[in-house]
Amino acid sequence: MTKRAWALLAATMVSLIYGLSFTIAKDVMPIYVKPFGFILIRVFGATILFWLIFFISSLERQRTSEAKDKIQRQDFPRIIAAAFFGVALNMLTFFKGLSFTSPISAAVIMVTTPIIVLILSAIIMKEKMIKRKIFGILLGLFGTSFLILYGKSIGNATNASLGNFLVFINAVSYAFYLIIVKKLMDKYNAFTFVKWIYTFGLLMVIPFGFNEFQEIQWQTLPSIILWEIVFVVVFTTFFTYLFNLVSMRELKPTTVAVFIYLQPLFATVFAIALGKDELTLVKIVSAVLIFVGVFMVTQKRSLSHSNQ
């Protein structure tokens, strides 16, 4: 396979993993593990994995004289901000929201991330806005509002409106993260700063998740739930980051951005196949509005790709 083919495969795998994760994480929460306790497990496990891969990769870079491992002191405030928006606020609101709402609704709302990035870029980076993109933003946000207000679900979606709102806050938080982390990506090797982002993020989520983590009855957890927790830590957090690196090295940002549209598709197919959710008219209409809005916004410019 060519490098481009591997990159396309990696981008597809990211969307597939995220799509599966909506239902898998929903299986675990809130019956077996409460949302904040689950986040503490996820961030702690990922932090260990990122430090391990950093040490392995740094040895290779030292051998080839490509070391870019030292973070300059003035960049730590940016790293801390990235940890807050990309790990703490992002993950806490997503898992808490997912515990209240359904996998399909959460996946659809996540598609608004490119729209939010454009809004923040216009405000923070003074990027020019054209009428087509403004209309796309309004259309996408209308679809999101419609889903938040009226997107009811089957099963244990105990408070769909609040859950959808929290997932939307997660999308806003991740959009902030993408803007903040951009300069770090240009300046350092990815593993040099991502380990610090997760380390600071871990310190931020400990106060929220420690009590819920202590409440976990590990000895009574079914084996399938344990494997689902491992899946979220290893695949949803760690491997998706690695796959994103592979795809971003070979593909244009506009190409990578398209793959965000696959997440609701995979999430919907998986959730319906397992009887965990249902496709309603409200979800279909909301998805169409959001997809059209995102298409209008990203038609000629890539904004980002999603992460939970």
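The values are calculated or read from the model by the stated rules, or taken from the named source; none is laboratory data. Being a predicted model, the structure only gives us computed values, none of them experimental. For neighbour counting, all protein chains shown are included, and Cβ atoms are generated from backbone atoms with ideal geometry for every residue, glycine included. For accessibility, only protein heavy atoms count, side chains too; no ligands or nucleic acids. Shrake-Rupley method; radii C 1.70, N 1.55, O 1.52, S 1.80 Å.
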Open item on the list: Sorted from largest to smallest, which semi-axis lengths in Å does the alpha carbon gyration tensor of the stretch 157-222 give for its equivalent ellipsoid, taking the root of 5 times each eigenvalue?
Closed with: 29, 21, 10
- [ ] Might you work out the accessible area of THR93 for me, using a 1.4 Å probe with all protein chains in place, and round it to the nearest 10 Å²?
- [x] 20 Å²
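If LYS131, LYS182, LYS26 are ordered by their accessible area, calculated over protein heavy atoms with a 1.4 Å probe, which sequence runs from highest to lowest? Write down the numbers at each step before the final one.
Details: LYS131 175, LYS182 115, LYS26 15 Å².
Heavy-atom accessible area, descending, gives LYS131, LYS182, LYS26.
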Task: Relative packing of 4-10, 197-203, 51-57, which averages over residues the other C-beta atoms within 10 Å, highest first - done: 197-203, 4-10, 51-57
Task: Ordering of 138-145, 165-172, 280-287 by packing [mean C-beta count within 10 Å, highest first] - done: 165-172, 138-145, 280-287
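Tell me, in nm to one decimal, what length is gained between ILE56 and MET1 on full extension, where the rule is 0.36 nm per residue of separation less the Cα-Cα distance?
17.2 nm
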Open item on the list: I want the local charge near ASN90. Using Cβ-Cβ distances under 15 Å, sum +1 for each Lys or Arg and -1 for each Asp or Glu among the other residues.
Closed with: +2
Open item on the list: Not counting ligands, DNA or RNA, and with a 1.4 Å probe, what is MET29's accessible surface area in Å² rounded to the nearest 10?
Closed with: 0 Å²
